[in-house]
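The block underneath contains the structure these notes are about, expressed in structure tokens.
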Amino acid sequence: MNLIFGVLLCLPIIATLLPLLRSSHWTVRIFDFPRLQIAFLSLIFIILSLVSTNEPSWVVGLQIINALCLCYQLYKISAYGPWHRKQVLDAHGPDDERTISILNSNVLTPNRHYQQVLDMVARYQPDLFLSLESDAWWEDKLKPLEQEYPYTVKIPLDNLYGMHLYSRLELSDTEIRYWVKEDIPSIVSDVVLRSGEKIKIYCLHPEPPAPGESDVSTPRDAELLLAGKEIDRSDETVIVFGDLNDVAWSHTTHLFQKISGLLDPRIGRGLFSTFHAHHWFLRWPLDHMFVSNDFLVKKLLRLGDVGSDHFPVYAKFQYHPKAEAFQPELQADAEDHRDANETIAEAEPIKEVVDTKYD
């Protein structure tokens, strides 16, 4: 029995230590995701082993190490609890011409519950709606949206990386980017607010480190960091959203925030776990929205099931330039920039840009 408990107690320890390695292989990076689940397993295995009798000292040692792992895992995600100071502050007052709302939904290519998606858009009436994993079939089913969303960017693909952007607000200087791989697009565009002011948006869906996808996280990491470096150079008002195939507490996403200077509206509000929609125990936040420090949050919601393996995310932001004084950006040091440059170089990005104009 002690041997069984010893094996069980070793599992959370291994799962905690592996992400500390700088290896980009998916068998290591996958343990960045389930920190809450690993903490739960540590707690359960400690309790189970404590009910046994005549515990040898080596089992007690594993219990202590598991307790440390439990504390470490909870620490890594603690910023997303309501007790933490919000990184992006709340906006008060009614909507105005500087308000923008966004709905982001990975619809899952083989999902056929398109009416649920249309109903969701009709209910929340976002200014921008981004569908991910949308192919030609989904493009046809989403066509009714064009009656109210005159500005569109359509990239129908059958490789799980198609995306469609629908906007009530005017889009300008729109580009379809292929940062790292020629079949994985992103969208970069200016959006004209009702006030006439322009903001920049980045719609991203990089390739995840997973079997059947990429053996390593390098392509995903490089795409995020390439976007982050461009945002840092431009010093524009920016919103980044999409399925980033990474969790907010990972080294790469934190590095992306430091390089780009963008803030995470979930900090101090909750995890907003979006994947996997059908497995409550295996669930973590993959769908993200990051904003520059001149935005405030009016609303942030994880929406209901639309037949996909992802829950949609809805947010409403208030552009408020004076907020910069109260919302400091994260700062990247020389080591951070060196880390980002090495990751980008390893990915050998193609940096292809397809210029596109949409009327």
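Which count do you get for residues in the range 51-74 that are among the hydroxyl-bearing types (Ser, Thr, Tyr), at pLDDT below 95 and either open to solvent by 60 Å² or more (accessible area, probe 1.4 Å) or in a helix (DSSP H, G or I) (or both)?
Taking the range 51-74 first, the residues among the hydroxyl-bearing types (Ser, Thr, Tyr) are 52-53, 57, 72.
Still in the running and at pLDDT below 95: 52-53, 57.
Next cut, either open to solvent by 60 Å² or more (accessible area, probe 1.4 Å) or in a helix (DSSP H, G or I) (or both) only: 53, 57.
Residues in the range 51-74 being among the hydroxyl-bearing types (Ser, Thr, Tyr), at pLDDT below 95 and either open to solvent by 60 Å² or more (accessible area, probe 1.4 Å) or in a helix (DSSP H, G or I) (or both): 2 in total.
Among the residues of the range 79-129, those identified as of a type in the set (Lys, Arg) and outside any helix (DSSP H, G or I) are 85, 86, 98, 112. In summary, residue 235 fulfils each of the numbered conditions (1) among the acidic types (Asp, Glu); (2) open to solvent by less than 20 Å² (accessible area, probe 1.4 Å); (3) modelled with pLDDT under 95 with the single exception of condition (2).
One residue stands out among those in the range 76-101 that are over 19 Å from the mean Cα position of the chain (by Cα) and of a type in the set (Lys, Arg): the one that is farthest from residue 19 (Cα to Cα), which is 98. Kindly establish whether residue 305 is of a type in the set (D, E, K, R), over 23 Å from residue 237 (Cβ atoms) and modelled with pLDDT of 95 or more. It is true that residue 305 is of a type in the set (D, E, K, R), over 23 Å from residue 237 (Cβ atoms) and modelled with pLDDT of 95 or more.
Close contacts from the range 133-152, counting a first residue that is in contact (Cβ under 8 Å) with a residue 12 or more places away in the chain and assigned to a helix (DSSP H, G or I) and a second that is aromatic (Phe, Trp, Tyr) and buried (at least 20 other Cβ atoms within 10 Å of the Cβ), with Cβ to Cβ under 6 Å and a gap of 6+ residues or different chains, come to 145/166.
Residue by residue through the range 153-171, note down the ones that are open to solvent by less than 20 Å² (accessible area, probe 1.4 Å) and assigned to a strand (DSSP E or B). Give the derivation first.
As a first pass, look at the range 153-171 and keep what is open to solvent by less than 20 Å² (accessible area, probe 1.4 Å): 153, 155, 161-167, 169, 171.
Hits for the range 153-171 are 153, 155, 163, 164, 165, 166, 167, 171.
Filtering the range 181-199 to residues that are in contact with a Lys or Arg (Cβ under 8 Å, 6 or more places away or on another chain), open to solvent by 10 Å² or more (accessible area, probe 1.4 Å) and either not in a strand (DSSP E or B) or not aliphatic (A, V, I, L, M) (or both) leaves 190, 194, 195, 197.
The values are calculated or read from the model by the stated rules, or taken from the named source; none is laboratory data. Since the structure is predicted, the reported quantities are computational estimates derived from the model, not experimental observations. As a convention, Cβ positions derive from the backbone with ideal geometry for all residues, glycine included, and neighbour counts pool all protein chains shown. Ligands, DNA and RNA are excluded from the accessible area calculation, which covers all protein heavy atoms including side chains. Shrake-Rupley method; radii C 1.70, N 1.55, O 1.52, S 1.80 Å.
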